[in-house]
Amino acid sequence: MQDMFFHLLFLVATFLGASGILFVIWTRDTATRTSKLFILMLILIFGYLISHGIHFLLMYNKDVTILDISCHSFLLLILITMTFLSSGFSKKRTKGKIESLLILVPSIIILGFLWSGRLIQWSHSHLGTFDAHYEYGYPLF
(Lines give C-alpha, C1' and ligand atoms only; values in the text may rest on other atoms or scores of the structure.)
Protein backbone atom coordinates (compact mmCIF):
# COMPACT_ATOMS: atom_id res chain seq x y z
CA MET A 1 0.00 0.00 0.00
CA GLN A 2 2.83 2.40 0.89
CA ASP A 3 4.58 1.69 -2.43
CA MET A 4 1.36 2.48 -4.32
CA PHE A 5 1.13 5.78 -2.44
CA PHE A 6 4.66 6.72 -3.52
CA HIS A 7 3.93 5.58 -7.07
CA LEU A 8 0.85 7.81 -7.33
CA LEU A 9 2.56 10.70 -5.54
CA PHE A 10 5.53 10.81 -7.89
CA LEU A 11 3.39 10.13 -10.96
CA VAL A 12 1.23 13.15 -10.06
CA ALA A 13 4.33 15.26 -9.31
CA THR A 14 5.82 14.36 -12.70
CA PHE A 15 2.52 15.12 -14.45
CA LEU A 16 2.26 18.50 -12.71
CA GLY A 17 5.88 19.34 -13.61
CA ALA A 18 5.33 18.44 -17.26
CA SER A 19 2.06 20.38 -17.31
CA GLY A 20 3.84 23.37 -15.79
CA ILE A 21 6.46 23.30 -18.53
CA LEU A 22 3.80 23.10 -21.23
CA PHE A 23 1.81 25.93 -19.63
CA VAL A 24 4.82 28.24 -19.34
CA ILE A 25 6.08 27.51 -22.86
CA TRP A 26 2.69 28.08 -24.52
CA THR A 27 1.65 31.09 -22.44
CA ARG A 28 1.24 34.36 -24.27
CA ASP A 29 3.04 36.44 -21.64
CA THR A 30 6.62 36.32 -22.95
CA ALA A 31 7.89 39.10 -20.65
CA THR A 32 7.79 36.90 -17.53
CA ARG A 33 8.42 33.55 -19.20
CA THR A 34 12.08 33.45 -18.14
CA SER A 35 11.32 34.04 -14.47
CA LYS A 36 8.49 31.47 -14.58
CA LEU A 37 10.82 28.88 -16.09
CA PHE A 38 13.44 29.63 -13.44
CA ILE A 39 10.90 29.16 -10.63
CA LEU A 40 9.62 25.97 -12.26
CA MET A 41 13.18 24.66 -12.53
CA LEU A 42 13.74 25.29 -8.82
CA ILE A 43 10.51 23.42 -7.98
CA LEU A 44 11.59 20.48 -10.16
CA ILE A 45 15.00 20.39 -8.48
CA PHE A 46 13.23 20.39 -5.11
CA GLY A 47 11.11 17.42 -6.25
CA TYR A 48 14.25 15.63 -7.46
CA LEU A 49 15.92 16.15 -4.09
CA ILE A 50 12.83 14.91 -2.24
CA SER A 51 12.68 11.72 -4.31
CA HIS A 52 16.38 11.11 -3.65
CA GLY A 53 15.87 11.82 0.04
CA ILE A 54 13.05 9.29 0.29
CA HIS A 55 15.15 6.82 -1.69
CA PHE A 56 18.24 7.03 0.51
CA LEU A 57 16.73 7.85 3.90
CA LEU A 58 13.41 6.02 4.06
CA MET A 59 13.57 3.18 1.55
CA TYR A 60 17.13 1.96 1.88
CA ASN A 61 16.02 -1.67 2.14
CA LYS A 62 13.24 -1.95 -0.45
CA ASP A 63 12.21 -1.95 -4.06
CA VAL A 64 12.98 1.60 -5.23
CA THR A 65 11.94 1.27 -8.87
CA ILE A 66 9.37 4.03 -8.54
CA LEU A 67 11.94 6.40 -7.09
CA ASP A 68 14.38 5.56 -9.87
CA ILE A 69 11.68 6.35 -12.44
CA SER A 70 10.80 9.51 -10.53
CA CYS A 71 14.41 10.73 -10.43
CA HIS A 72 14.82 10.10 -14.15
CA SER A 73 11.55 11.95 -14.84
CA PHE A 74 12.52 14.95 -12.76
CA LEU A 75 15.96 15.01 -14.40
CA LEU A 76 14.37 14.98 -17.87
CA LEU A 77 11.98 17.80 -16.90
CA ILE A 78 14.85 19.82 -15.42
CA LEU A 79 16.84 19.45 -18.67
CA ILE A 80 13.84 20.52 -20.75
CA THR A 81 13.29 23.55 -18.53
CA MET A 82 16.98 24.48 -18.71
CA THR A 83 16.87 24.21 -22.51
CA PHE A 84 13.96 26.64 -22.79
CA LEU A 85 15.37 28.89 -20.07
CA SER A 86 18.78 29.19 -21.69
CA SER A 87 17.42 29.79 -25.18
CA GLY A 88 14.93 32.44 -24.03
CA PHE A 89 17.29 34.11 -21.58
CA SER A 90 20.23 34.63 -23.92
CA LYS A 91 18.41 36.02 -26.95
CA LYS A 92 15.30 37.55 -25.40
CA ARG A 93 13.28 35.84 -28.09
CA THR A 94 10.86 33.01 -27.84
CA LYS A 95 11.11 29.74 -29.65
CA GLY A 96 8.70 29.10 -32.46
CA LYS A 97 6.03 26.44 -32.10
CA ILE A 98 7.86 24.00 -34.37
CA GLU A 99 11.13 24.44 -32.45
CA SER A 100 9.29 23.93 -29.17
CA LEU A 101 7.54 20.82 -30.45
CA LEU A 102 10.86 19.33 -31.58
CA ILE A 103 11.98 19.49 -27.95
CA LEU A 104 8.70 18.66 -26.21
CA VAL A 105 7.33 15.75 -28.28
CA PRO A 106 10.37 13.42 -27.93
CA SER A 107 10.60 14.36 -24.25
CA ILE A 108 6.94 13.47 -23.64
CA ILE A 109 7.46 10.15 -25.46
CA ILE A 110 10.50 9.38 -23.28
CA LEU A 111 8.51 10.36 -20.18
CA GLY A 112 5.78 7.93 -21.26
CA PHE A 113 8.37 5.19 -21.75
CA LEU A 114 9.74 5.84 -18.27
CA TRP A 115 6.37 5.54 -16.54
CA SER A 116 5.21 2.55 -18.60
CA GLY A 117 8.27 0.49 -17.60
CA ARG A 118 9.88 0.40 -21.02
CA LEU A 119 13.21 1.90 -19.91
CA ILE A 120 13.69 0.73 -16.31
CA GLN A 121 12.94 -2.90 -15.36
CA TRP A 122 13.48 -2.65 -11.62
CA SER A 123 15.72 -1.13 -8.96
CA HIS A 124 16.44 -2.44 -5.49
CA SER A 125 18.29 -1.00 -2.57
CA HIS A 126 19.56 -3.31 0.15
CA LEU A 127 21.85 -2.38 3.03
CA GLY A 128 23.71 0.33 1.19
CA THR A 129 23.93 -1.38 -2.20
CA PHE A 130 21.90 -0.37 -5.22
CA ASP A 131 21.02 -2.75 -8.04
CA ALA A 132 19.21 -1.50 -11.14
CA HIS A 133 18.30 -3.27 -14.36
CA TYR A 134 17.44 -1.22 -17.39
CA GLU A 135 15.82 -2.15 -20.71
CA TYR A 136 17.75 -2.14 -23.98
CA GLY A 137 16.09 1.15 -24.96
CA TYR A 138 17.52 2.92 -21.91
CA PRO A 139 20.27 4.73 -23.89
CA LEU A 140 17.40 6.59 -25.56
CA PHE A 141 16.98 8.44 -22.28
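The values are calculated or read from the model by the stated rules, or taken from the named source; none is laboratory data. Source: prediction; values computed, not measured. All Cβ positions, even for glycine, are placed from backbone atoms using ideal geometry, and neighbour counts span all protein chains on display.
Of the residues making up segment 118-141, those that are of a type in the set (Ser, Thr, Tyr) and in contact (Cβ under 8 Å) with a residue 24 or more places away in the chain are 123, 125. Considering (1) closer than 24 Å to residue 87 by Cβ; (2) in a helix (DSSP H, G or I), the lone condition that residue 30 does not fulfil carries the number (2). Cβ-Cβ distances below 6 Å connect no pair with a first residue in segment 18-35 that is over 19 Å from residue 105 (Cβ atoms), a second residue that is at pLDDT 75 or above, and a separation of six or more residues or different chains.
Among the residues making up segment 87-137, those that are modelled with pLDDT of 85 or more, of a type outside the set (A, V, I, L, M), under 18 Å from the mean Cα position of the chain (by Cα) and outside any strand (DSSP E or B) are 106, 107, 112, 113, 115, 116, 117, 118.
When the residues of segment 15-56 are filtered to those that are closer than 22 Å to residue 125 by Cα and hydroxyl-bearing (Ser, Thr, Tyr), which remaining residue is farthest from the chain's Cα centre (by Cα)? By that ranking, first place goes to 51.
Tell me, yes or no, whether segment 62-79 has at least one residue that is surrounded by fewer than 20 Cβ atoms within 10 Å (Cβ to Cβ), hydroxyl-bearing (Ser, Thr, Tyr) and either within 26 Å of residue 124 (Cβ to Cβ) or out of contact with any strand residue (DSSP E or B) (no Cβ under 7 Å at 6 or more places or on another chain) (or both). Scanning segment 62-79 turns up at least one residue that is surrounded by fewer than 20 Cβ atoms within 10 Å (Cβ to Cβ), hydroxyl-bearing (Ser, Thr, Tyr) and either within 26 Å of residue 124 (Cβ to Cβ) or out of contact with any strand residue (DSSP E or B) (no Cβ under 7 Å at 6 or more places or on another chain) (or both).
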